[in-house]
Amino acid sequence: MAKAVVILEAERGGTEGMLHSLHGRKMEPSFAHIEVLGYSVLRRAIERLIQAGVHAISVFTNQRESFERFDDLPGVVVAPSENPWRSAAERIQREMAVLNSALVIMNLDAYIEFDPVDALQFRDRREGAIVRGCDDRGALGLWVADPSRISADDLYAQLHDVEWDRFPIRGYVNRLENPCDLRRLAVDSLSAKCQLQPRGFEVRPGIWMGDGAQVEKGARLVAPSFIGRGVRISPQALITRCSNVECDSIVDYGTVVEDTTVLPNSYVGIGLDLSHSIVDGSTLLNLQHRVTLTITDSAVIRRNKPAEVKDSSRHFQLWTNAGFGEPIQNTKKNAG
Amino acid sequence: MVTNGPVVVMQVPEQFNLGEVHTFMQDVGPLLQSNRPRVVLDCSQVRMMDSAGVEALLHCLEEALKRDGDLKLAALSPEAEVILELMRVARVFETFGDCDEAVRSFHAIPVDSIQPAAPWYTARFGDLGALKEAS
């Protein structure tokens, strides 16, 4: 049975405004650990591997904040590391003696819908050392490898700098390169354009709610939309146009949330008009005007509870205007 | 509305928060006390504005309107636009792409002050019915 190594560079530490990976390349922070419709992309990737029969999954990450837990998923080991690529290579080397099957390696910087069984069979048919997943835009951070061909020296270069045989990915791919991609992932899921399922119950056609979510009298939810676990929607609030309000957040009295993602543990104040945006605590990204604001006025937006949970806001604070991506046009049409 | 005084253009500070509002109001206050004040606020440098800043803008507009004047916003930075839209006050203000346009708007002649010109046939034939009879 196959095993898998998942590498998540949640923080590719560098100076403010420009991020440089451990390999000296300019890179932006990964969104894979951020919850979208109840689960992170990382968790969804792990579940996909488990469903395909991958029985041992090692996750290497340099994320410093409190990490989501996978206790309920069998065979998942999380290993925080300053250099996740090196740690992954060392683990592969140590366990090579018992690795008698192919190894799936994912650099989790994109959301990819693929069949791991297909990928493993593709590599077997090619009899090559390594194959790499790709779509019509080019190579992705997904490899199937013969572990005996992996050396401990610079795993990143081995995988990225060689033109390996390409395994075509025909499923949905979102490269999560910028905040617009993150928003697009939520919209595409709510519009049933991908397999990503919201976590919770579909209480009405197109309206999903997580455990413990409260929607007060007079609040209005327009399909499709997602209300995460523990969320409170206050009276006279309106949630519309493929908006998702993630766990432990509050939308206060009379506020309109339109075509917007409210990330976990965020408070959105009274009487606001929030549209085409991503909110994370006191950070607001407006995707239409392409600006990132830190709002110090806690009556407007802020962290809901003290940040014991994952705090992804500093990732958004580092986004510049040039890296926003293309905004989603006509969300109403997307909603179908 | 006929106004004879000059149009004053004032720069809104980059950090338009509780700390800066007091200073700003001290500067703009005298302008709003004049008869029929005409003020343009240049918001091109605004990078941060909190609810105190928004409240100050609304207060200035109110004071200007009380004295039969007006206050307009010009060259809104993206940050200022986002904040005004977020707090649902963007539609309250008249906004312009640049200060010159805003200043010119004070000198524009209102449409309803122009009497529509009489048709060409009025002087000779009177109303339209008479013109048809004549032709």
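No value in this document is a laboratory result; all are computed from the given coordinates. Fair warning: this is a prediction, and the values are worked out from it, not measured in the lab. Cβ sites come from the backbone with ideal geometry, for glycine too, and all protein chains shown count toward neighbours.
Site pair A:L73 and B:D100 shows an inter-label distance of 5.9 nm when each label is modelled 7 Å from Cα along Cα→Cβ. The slack between B:Q33 and B:R47, meaning 0.36 nm per residue of separation minus the straight C-alpha distance, is 2.2 nm. Simple spin-label estimate for A:N83 and A:K305 gives 3.8 nm between the two label positions (7 Å along the Cα-to-Cβ direction from each Cα).
Taking Cα centre as origin and charging only the Cβ of basic (Lys, Arg, +1) and acidic (Asp, Glu, -1) residues, the dipole magnitude of chain B rounds to 560 debye.
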